[in-house]
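Undergrad: Please find one structure pasted underneath; my questions will follow.
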Amino acid sequence: MAAPTVIVPQTVKGPFEAIAAGGADFTFAASTLTDGDTFVCTGRELLIVNNTDVAEKTITITSVDDDKGRSEDITSYALAAGDFAVFGVGLTNSKGWKSSAGTIRITTNDADIKVAVLKLPDGYPQP
């Protein structure tokens, strides 16, 4: 198996940054079937997925063993035609999800699942 495709997180503008036309836009990329996709996570990321096909498709988020040796993938999460889903709160910085390399791995059953990773700016969320 080859290395997964790296998804580069797109940083969201902060609350006091000037936002010009198009400055808050983000892009989706087609998911990679054979080897999956991965992204580096800091705990401030949201994984957004969109099924652009007319039939149901699935996404799997692969877990890693936590400090107790447990793992529990999000397996074959179903997206109906046109559906969007967001994963992130607690997922991207929790033990059991982020690998020792600091990444999260996802796989889909079709390239019609588009993926984007949005990252909150440094300093957010604030306690």
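Just so it is clear, none of the values below were taken in a lab; they were calculated from the coordinates. Worth saying up front: this structure is predicted, and the values here are computed from it rather than measured. Here Cβ is always computed from backbone atoms with ideal geometry, including for glycine, and neighbour counts include all displayed protein chains.
Undergrad: When you check Val8 against the structure, is it free of Cβ contacts under 8 Å to residues at least 40 places away in the same chain, assigned to a loop (DSSP other than H, G, I, E, B) and farther than 13 Å from Ile106 by Cβ, yes or no?
TA: Judged against the criteria, Val8 is not a match.
Undergrad: Additional query: I'd like the full set of residues that are of a type outside the set (Phe, Trp, Tyr) and touching a residue at least 60 places away in the same chain (Cβ under 8 Å), limited to the range 18-34.
TA: Selection gives Thr27, Ala29, Ala30, Ser31, Thr32, Leu33.
Undergrad: From the list Val86, Val115, exactly one residue is farther than 15 Å from Thr5 by Cα, part of a strand (DSSP E or B) and touching a strand residue (DSSP E or B) at 6+ places or on another chain (Cβ under 6 Å). Which is it?
TA: That would be Val86, the only listed residue that is farther than 15 Å from Thr5 by Cα, part of a strand (DSSP E or B) and touching a strand residue (DSSP E or B) at 6+ places or on another chain (Cβ under 6 Å).
Undergrad: Checking Lys57 against (1) more than 25 Å from Pro121 (Cα to Cα); (2) free of Cβ contacts under 8 Å to residues at least 40 places away in the same chain; (3) of a type in the set (Lys, Arg), only one condition comes out false. Which one?
TA: Looking at each condition in turn, Lys57 falls short on (2).
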